[in-house]
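Colleague: Take a look at this one; I'll ask things after.
The values are calculated or read from the model by the stated rules, or taken from the named source; none is laboratory data. The model shown is predicted, which means the values in this text are computed figures rather than measured ones. Here the Cβ positions follow ideal geometry from the backbone for every residue, glycine too, while neighbour counts run over all protein chains shown. The accessibility values were calculated without ligands, DNA or RNA, using every heavy atom of the protein model including side chains. Shrake-Rupley method; radii C 1.70, N 1.55, O 1.52, S 1.80 Å.
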Amino acid sequence: MIKKRSKLYKFFRSKYYLIRGKKKKRLPFYFEIHITDSCNLNCAGCDHFSSLAKENAIYPFEKFREDMIQMKKLFGDDIDHIHLLGGEPLTNNRVTDYLCLTRQIFPLARLELVTNGILLKNMPDSFYSCCRENDICICVTTYPINIDYDDLFKFIIKKGVKVEIFNVRDSKNSWKNMGLSQDNLLDYRKTFLECKYSNNDTCLNDGKLFICPHAAYINIFNEYFNESFDNRNAGISIYEYNRDEIIEFLRSPNSFCRYCHINDKKNKRICWSHTQHKKEEWIFK
């Protein structure tokens, strides 16, 4: 039986890390990677900014190979699990190539393909063969859209493939809006230590590991709205630094966190909807 930590324990632990100014990094190591930035669902306020990405914004396959090999060199079998996602990964026509290559490089890691499920019934048998043979778990985030998820899960199970619910987005309580702001900047140390992403959702993008999805993909937002959120210090090169330096970077407060208003009273949980491509879906007011 797994014993849950008490709220009092978590309170004093957070204060301890606040005093120290950093969080402990968990090993084995976890990271996630977009195999495409674009998405066919286009959610309002997407924290990966996928609803603003250009179509066919694919992670180049040879660059993907190079980066994954370097991650293996750095962390070896300490990489416990990897999320391949987007965007919507099934919109990448070479998705099976990315899956097979990842399994080849990381034979022991848990591999999860995170999808909105829209295209799953249209995928060819070769896709499901790839998932079976490479022990890929299909992780579906559910949305209040016209999909019979129970039927979809039965369909996947009949294909002999693992399937799990990754997250639930509903029409009443979808996610918390964490507003970005360049005007009302915060104490980045405090924000880092309180954020659910920091030291948890490490993102690999273009040869760098970033502290969170906001930092990794903010350039999509900048380009779409002609903004200038600065993520130059929010990522660390996997080619220029060693394992220990990278872990120390990821576990330490980062100046990019000054942009995120994660606990402000104006932030609230919002219902799911399609994006209207308005800046206000992401910007704090």
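Colleague: Taking 0.36 nm per intervening residue step and subtracting the Cα-Cα distance, what contour gain separates Asn40 from Asp135 on full extension?
Modeller: Details: separation 95, 0.36 × 95 = 34.20 nm, distance 2.56 nm.
Extra length from Asn40 to Asp135 when fully extended: 31.6 nm.
Colleague: What list of ³J(HN,Hα) couplings, whole Hz, do you get for the range 126-133 from phi and the Karplus terms 6.51, -1.76, 1.60, once you set θ to phi - 60° and write x for glycine and proline?
Modeller: Once rounded to whole Hz, the list reads 4, 5, 6, 4, 4, 5, 5, 5.
Colleague: In percent, how large is the relative contact order of the range 48-202, given Cα pairs closer than 8 Å and 6 or more residues apart?
Modeller: 17 percent
Colleague: Could I ask something else about it? Using θ = phi - 60° and the Karplus relation 6.51 cos²θ - 1.76 cosθ + 1.60, list the HN-Hα couplings for the range 110-123 in order, rounded to whole Hz, with x at every Gly or Pro.
Modeller: Taking θ as phi minus 60°, the curve returns 7, 10, 10, 9, 9, 9, 7, x, 4, 9, 4, 6, 9, 6 Hz for the range 110-123.
Colleague: I've got another one for you. Assuming R0 = 35 Å, can you tell me the calculated FRET efficiency for the pair Gln182 and Glu66, based on Cβ-Cβ distance, to the nearest 0.05?
Modeller: 0.55
Colleague: For the range 194-285, with every protein chain kept in place, what is the accessible area per residue (1.4 Å probe, Å²)?
Modeller: Here the per-residue accessible area is 49 Å².
Colleague: Work out how much length Gln104 to Asp78 would gain on full extension: take 0.36 nm times their residue separation and subtract the Cα-Cα distance, in nm to one decimal. Write out the running numbers ahead of the final one.
Modeller: Values: separation 26, 0.36 × 26 = 9.36 nm, distance 1.56 nm.
Between Gln104 and Asp78, full extension yields an extra 7.8 nm.
Colleague: May I ask you to list the GluC sites (Glu not before Pro) in the range 162-245 that are in a DSSP loop and have at most 16 other Cβ atoms within 10 Å of their Cβ?
Modeller: Glu227, Glu240
Colleague: Still on this structure, please answer the following. Hey, can you grab everything whose amide H is under 5 Å from the amide H of Gly87? Only 5+ residues off in sequence or another chain; H modelled, so Pro and N-termini drop out.
Modeller: Ser50
Colleague: Another question about this same structure. Just to confirm, what accessible area per residue do you get for the range 20-144 at 1.4 Å probe, in whole Å²?
Modeller: 39 Å²
Colleague: So between Asp230 and Asp150, what do we pick up on full extension, going 0.36 nm a residue minus the alpha carbon distance?
Modeller: Working it through step by step, the gained length comes to 24.6 nm.
Colleague: What whole-number volume per residue, in cubic angstrom, does the convex hull of the C-alpha atoms of the range 88-178 give? Please list the in-between numbers first.
Modeller: On the way: hull volume 10.2 nm³, N = 91.
Enclosed volume per residue, from the Cα hull, is 112 Å³.
Colleague: At what distance in angstrom do the alpha carbon centres of the range 130-171 and the range 29-81 lie from each other?
Modeller: 20 Å
Colleague: I've got another one for you. Karplus couplings for the range 75-87 from phi (6.51 cos²θ - 1.76 cosθ + 1.60, θ = phi - 60°), rounded to Hz, Gly and Pro as x?
Modeller: Result, rounded to whole Hz: 10, x, 7, 6, 6, 7, 8, 9, 9, 9, 8, x, x.
Colleague: Report, by chain and number, residues whose modeled amide H sits under 5 Å from the one on Ala44, excluding near sequence neighbours (fewer than 5 apart, same chain).
Modeller: Placed amide hydrogens put Ser273, His274, Thr275 under 5 Å from Ala44.
Colleague: So which of Lys121/Lys162; Lys54/Lys208; Lys63/Lys196 end up more than 26 Å apart, counting from Cα to Cα?
Modeller: As for pairs spanning more than 26 Å Cα to Cα, those are Lys63/Lys196.
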